[in-house]
1. Hey, does segment 577-594 have a residue that's closer than 26 Å to THR620 by Cβ and aliphatic (A, V, I, L, M)?
2. From VAL163, VAL187, which residue is touching a residue at least 40 places away in the same chain (Cβ under 8 Å), among the β-branched types (Val, Ile, Thr), closer than 30 Å to ASN79 by Cα and outside the structural domain of ILE289 (by TED's automatic domain parsing)?
3. Among the numbered criteria (1) out of contact with any helix residue (DSSP H, G or I) (no Cβ under 8 Å at 6 or more places or on another chain); (2) closer than 18 Å to VAL101 by Cα; (3) in contact (Cβ under 8 Å) with a residue 40 or more places away in the chain, which single criterion is violated by ALA198?
4. Within the set of pairs 6 or more residues apart or between chains, which connect a residue that is small (Gly, Ala, Ser) inside segment 78-89 to a residue that is modelled with pLDDT of 75 or more and buried (at least 17 other Cβ atoms within 10 Å of the Cβ) with Cβ atoms less than 7 Å apart?
5. Could you list, in sequence order, all residues of segment 470-488 that are in contact (Cβ under 8 Å) with a residue 24 or more places away in the chain and closer than 17 Å to PHE593 by Cα?
6. Checking the structure you have, find out if any residue of segment 115-132 is under 20 Å from ASP30 (Cβ atoms) and part of a helix (DSSP H, G or I).
7. Tell me, which residue of segment 716-740 that is touching an Asp or Glu at 6+ places or on another chain (Cβ under 7 Å) and buried (at least 22 other Cβ atoms within 10 Å of the Cβ) is nearest to LYS635 (Cα to Cα)?
8. Could you check segment 547-661 for strands (runs of 3 or more DSSP E) lying wholly inside it with 3 or more residues that are within 30 Å of GLN729 (Cβ to Cβ) and under 31 Å from the mean Cα position of the chain (by Cα)?
Amino acid sequence: MIQRILLLLVCCTTTGWAQKIYFPKEQYADSTAMAKNIPALAEKAIALYKEADKAAYLDNLFRLELTAKRYKAIETTLNQLEMVTFGDSITKNHLGFGYRVYAKTASSQPKTPTEFESNFKRNFHSLYNSLNNEGHTSVGYFYNTNLKGRKITLELKLKDISVHDSITVKDAVDLCRAYCAYNTSAVTLALGKQFIAAIEAEKYLIDENIIITLPNGSTIAGTMVRNKNINGPQPVVMMYNIYAGIELSLCKEMVDNGYVGFMANTRGKRLSNDPIEPYEHDGDDAYHILDWVSKQSWCNGKIGMYGGSYLGFSQWSAMKKVHPALKTIIPQVAVGAGIDFPMQNNVFMGYALSWIRFVSNNKMTDAADFENNSKWESIFADYYTNGKSFRSLDKIEGKPSPLFQRWLDHPSYDSYWKNMTPQKEAFANINIPILTTTGYYDDDQLGAMYYYKEYQKWNKNDNYYLVIGPYDHGGAQGFPKSTLGGYEIDAAAQININDLIFEWFDYILKDGKRPEILKDKVNFQVMGKNEWKHVGKLQQMHNETLTFYLGTGDRQGQLVKAGPEKLDTISQTVDFKDRSEVNLFKSTDVCSFRAIDNATLDTEKQMLVFESNPIEEPLTISGSLSASLKVRTNKKDMDIAIQLYEKTADNHYFALSNNLQRASYAEDRSKRKLLKPNTVETININNTFITSKQLQKGSRIVIVMGVNKNPNWQVNYGTGKDVSDETMQDAAVPMEIKWYSNSTINIPVLR
């Protein structure tokens, strides 16, 4: 749920990493010992390390090579990583800039600090001058790194492994990553910042100490950057951002694209002394911030906003009351507060607590805590394996969180959440053009599409453009990955979304040309077909619906096209006391899938699998599935999971969508309606992920369906109590489910 500048903070886990490497703990007892021995550890890790995901492998490999002092090797590895991750048409060798410059300098074996600085300066400027504006922005991110945070990350890694004389390959790779990041930064950050400051002093006028006082006395910190060589007012491009600490780099990017750049931090961040309370005040504050900006001498009265994830939400919060100077917004992968975060279809996620710590531990961000995977895995595993209440997560961590508890006190989409964004008729008052980008594998797609659907429901102007393709949360904000979860995305999908953003601003704020890709209001890429489709309405993504029923009896496990002649059931027992399967999410997961293209179907044991007959000709699934499930259970509630796959003729599984719905909120997310135990109920599931892919002849449609039982989410025991308060004590009686054969799964198809 973090914006695009964090997308390259990759840590990966894979099978086979449990192999041990002998490494006595005294070899990293102090900095001198580490400097001598960790390079040797990196060499051992390089020899043993394997990883199926090529991008993840290369991302780890170049860090291992740098730690092992294979300085000349990392240029090739980084170029390969850039090709695999982005494609050579998207970036220009800025990935890993700081590591490239350090490695090139170190490879010349400078003998004194003065010689190192001289060589570093030459290498820095040589590579920097070869980059475009996007590359310069990326360089700014690297040298804006928090050195203290990287030191803490390294210390945490050392603390985890320092009690043994051997470590796993996974621990060795993680340790070398942390060591590489800290060691490189410790040597080069100050120099890099110095060089950037000198370059940019010729280019920009900067004010990063702006304080905007709101009518209620609260304060907002602001940063303004403009071109030193342009006099007079200009259009302003603005972000409204909770992730404090990256203001200058982003504002400079806005300036490099022809605008005044302005960044407003949310209350409590950076220079503001207010409490940090994400989401709660942004809608009320936005109008006053925009009003302040519009009255500055450097603003010509035209403002555009953009940004992803939380920054997408904050733009929608500004739509509660549209300021006259605000001419457009570009909410990317926008969080739907109360819709898909901190709960998805009313099911709370453990990630919410780690995110709270990330943004509220200090006035900037706490990356060291957020990226401490072992800490959070331990917390979620403790909650799950010991059957503790979801509400106890902060107590398990050892640090009470009033904000986390406040969120849990609002499990319905009630006034607490509704007050954050426009509601009903407020959408009708939005009189500016909107561009949204999201992805089939964007964790916040449901939030992004919630706003789209509400706008279409209430607003008659329909000045809303949508771009959606095979992108994850980071890719849909800037630079799509060319390989995603093992799937090599079509060449047509490898567009530069960052360029699209500023083409749109030129179109709206400077009367420029509409971006080429926006041929109609809804623009979507068909995976496997290497083409874009352009339609006027979301509903036109498909023109037919395939309806399947659940096979029972001798057809159990099949998706069948004909309704049952005789009503039958599939019986299932889910023992919530059984915690033998602990399926923790990994950082390489894509929208909760281990992989997109996979040789096996790796399902949790409480999930049922239904498979269609092979299709007789290519078929394009396009849109979002829906389901009408006829279910009887002995409980008052259940959290239903539905996954959609293509099973290819050669028995590979291609993941299409991953959906979760609390049954008691399926009818109305604002009001809980419990199931009647031992009564046949109809549960309609409609708020699901959009996808678009051409299936090949011989493929089968696969539905994986069951109940959620996963340490990353609340576990719903079905008592009807507040799910946050349920514990293993509520699992004395297993959940008994009967799935009826007249249940339907509806698949949208584009002929």
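1. Yes, because at least one residue in segment 577-594 is closer than 26 Å to THR620 by Cβ and aliphatic (A, V, I, L, M).
2. Testing whether each residue is touching a residue at least 40 places away in the same chain (Cβ under 8 Å), among the β-branched types (Val, Ile, Thr), closer than 30 Å to ASN79 by Cα and outside the structural domain of ILE289 (by TED's automatic domain parsing) leaves just VAL187.
3. Looking at each condition in turn, ALA198 falls short on (3).
4. GLY87/SER482; GLY87/GLN494; SER89/GLN494
5. PRO470, TYR471, ASP472, HIS473, GLY474, GLY475, LYS481, THR483, LEU484, GLY485, GLY486, TYR487
6. The answer is no, given that none of the residues of segment 115-132 is under 20 Å from ASP30 (Cβ atoms) and part of a helix (DSSP H, G or I).
7. That would be GLY718.
8. Counting at least 3 such residues, we get 639-647.
The values are calculated or read from the model by the stated rules, or taken from the named source; none is laboratory data. Computed from a prediction, not measured in an experiment: that's the story for all the values here. When we count neighbours, we look across all protein chains shown, and the Cβ atoms used for this are built from the backbone with ideal geometry, even at glycine.
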